[in-house]
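To start, the structure itself, in structure tokens.
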Amino acid sequence: MSNMSSMTYVGVGSVLEEIGMVRPEKVRSVLEECANYAHEALDPYDTARALEDFGVAVSVHVGDIDNLEQDYASLLEDAAALTGGAVTVTDVTLHEGEEIGGSRDDVLEFARNGRRVRVSAEHFGDGYDYFDQVAACEAIAALCPDGDFDDDSGDDSRAFRYVDFVREENESYDSIMALTTPAQAKALANGLGLTIE
């Protein structure tokens, strides 16, 4: 496995290929795209974000967004695409709730392979233009390929798992959700120095 103290895109690709999460062709194509910085040292957050570039994770943007409902739909569609067709997302709707003291209690609803899923979400600010990070991660976690996100004992044990990393004080970070099996999650944690929950 790679040396965590000097993690690079090359190192991330090597770990992903070694544990069978990414095909060699995909690793080569990503490394070609980032050739100018493929050997530069990555901090823990950039290591986690690199998983998205290799096609095994999605990130929930922490900054402001244009349209909550449309951006939730795009986020969930991007996550579903990582399952290789095992999961589809349709009919994404954000039901706006009551505004109280600068926040609004909403409900994010969507169909996962035709099955309705509802997630409570709290949105803040003048324009309510930020994802609820917890709700977005919960919605992504509901997209596990096996169908019952409360039970990963089926044929496809991949699930979206939260990727955590060493954080600096007073910094904001996107939330990263990676699609892994339990064994892959453990190997990623060991190989990349990340925490996969």
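Per-structure values
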item	result
Net charge dipole size for the chain [Lys, Arg +1 and Asp, Glu -1 on Cβ; Debye, nearest 20]	920
Debye, to nearest 20: dipole size of region 58-123, +1 on Lys, Arg Cβ, -1 on Asp, Glu Cβ	500
Binned Cα-Cα distance frequencies in the chain - 10 Å width, integer %	9, 34, 33, 19, 4, 0
Of THR90, THR180, THR47, the one that fluctuates the most in a GNM where the chain has Cα springs shorter than 10 Å	THR90
The chain, accessible area per residue, ligands and nucleic acids excluded (1.4 Å, Å²)	51
Inverse of mean 1/r across different Cα pairs in region 1-92, Kirkwood, Å	14.6
Rg/Rg_ref, region 54-103, where Rg_ref = 2.2 N^0.38 Å and atoms are Cα	1.39
Selection from SER172, HIS123, GLY11 lying farthest towards where the dipole of the chain points positive, charges on Cβ	GLY11
Residue-averaged 222 nm ellipticity for the chain, from DSSP H runs of 4+ at -39500 (n - 2.57), nearest 500	-9500 deg cm²/dmol
Apportionment of accessible area to carbon and sulfur, the chain, percent (1.4 Å)	43
Sequence ranges 66-73, 187-194, 95-102, ranked by mean other-Cβ count within 10 angstrom, highest first	187-194, 66-73, 95-102
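The values are calculated or read from the model by the stated rules, or taken from the named source; none is laboratory data. Small disclaimer: the values here were computed from a predicted structure and weren't measured. Note that each Cβ is placed from the backbone with ideal geometry, even for glycine, and that neighbours are counted across all protein chains shown. Just so you know, the surface numbers come from the protein's heavy atoms only, side chains and all, with ligands and any DNA or RNA stripped out. Shrake-Rupley method; radii C 1.70, N 1.55, O 1.52, S 1.80 Å.
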